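Everything on this sheet refers to the single structure shown next.
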Amino acid sequence: LTVYVTHLKAGSTSTDRNERATMTEAIMSYHESNYSTSNYIIGGDFNIQTSSETCYQTLINYSNSSVRFYDPKNKSGSWNSNSNYADLHTQSTRSSSSNGGCFSTGGLDDRFDFVLCGKEVLDNTRGINYIAGSYKALGNDALHFNKDIISSPANNSVPSDVLNALYNMSDHLPVTLQLGITRGTAS
């Protein structure tokens, strides 16, 4: 299993978007040059607001289709401040209290954090497969659009101590998914 972890340039200016595009072109060029019989995943803070952004399109529609990545959620669109995507939002865990400027605010309204899989993982052609329906933003119950994750109504998606830890440790929620492993038999 090969996992690429990235933190792309933050910001919403054209310069920021161009820098993210350059970064993902470099990732995909490296990935294509080093592609082998492994299983591939890429994840991290992509800092994008819409699926039409060039950097995201570079990952999911790369010119060499055999090395593309796929979004297990397969929900393209304009994720930023859009309640139709509330179940995907990973930032911000806080609506107003930035803890002295340490955290972004605004409430849960951005899908910045992703885990994308290679086709071999989605199709289980190399012994590791994505478990359908297991992709989630930990601590996101889809009921806290533009709110703190700890505000009313009660967020029961994780135990309260975990929810409080997510709120207090970061302004992003972690993305998780489950993978199945097919064991081979020795001859």
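The values are calculated or read from the model by the stated rules, or taken from the named source; none is laboratory data. None of the values given here were measured: they were computed from a predicted structure. As a convention, Cβ positions derive from the backbone with ideal geometry for all residues, glycine included, and neighbour counts pool all protein chains shown. Heads up: the accessible areas ignore ligands, DNA and RNA and are worked out on the full protein's heavy atoms, side chains in. Shrake-Rupley method; radii C 1.70, N 1.55, O 1.52, S 1.80 Å.
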### Summary
Within the range 30-50, the count of residues that are in contact with a helix residue (DSSP H, G or I) (Cβ under 9 Å, 6 or more places away or on another chain), buried (at least 17 other Cβ atoms within 10 Å of the Cβ) and under 21 Å from HIS7 (Cβ atoms) comes to 7
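So which residues in the range 19-29 are in contact (Cβ under 8 Å) with a residue 12 or more places away in the chain and open to solvent by 20 Å² or more (accessible area, probe 1.4 Å)? Don't jump to the end; show me each part of the working.
So in the range 19-29, the residues in contact (Cβ under 8 Å) with a residue 12 or more places away in the chain come out as 20-21, 23-25, 27-28.
Residues satisfying the conditions are MET23, GLU25, ILE27.
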### Message
With the structure loaded, tell me whether SER134 is in a loop (DSSP other than H, G, I, E, B) and either hydroxyl-bearing (Ser, Thr, Tyr) or at pLDDT 95 or above (or both) or whether it fails that test.
### Response
yes
### Query
Going through the range 45-68 one residue at a time, which ones are within 30 Å of LEU163 (Cβ to Cβ) and of a type in the set (Phe, Trp, Tyr)?
PHE46, TYR56
### Summary
Taking the range 137-166 and keeping only residues that are over 18 Å from the mean Cα position of the chain (by Cα), assigned to a helix (DSSP H, G or I) and not polar (S, T, N, Q), one is left with ASP161, VAL162, LEU163, ALA165
### Query
Of (1) closer than 30 Å to SER152 by Cβ; (2) in a loop (DSSP other than H, G, I, E, B), TYR85 satisfies all except one. Which?
(2)
### Query
Would a scan of the range 145-165 turn up a residue that is hydroxyl-bearing (Ser, Thr, Tyr) and crowded, with 18+ Cβ neighbours inside 10 Å?
yes
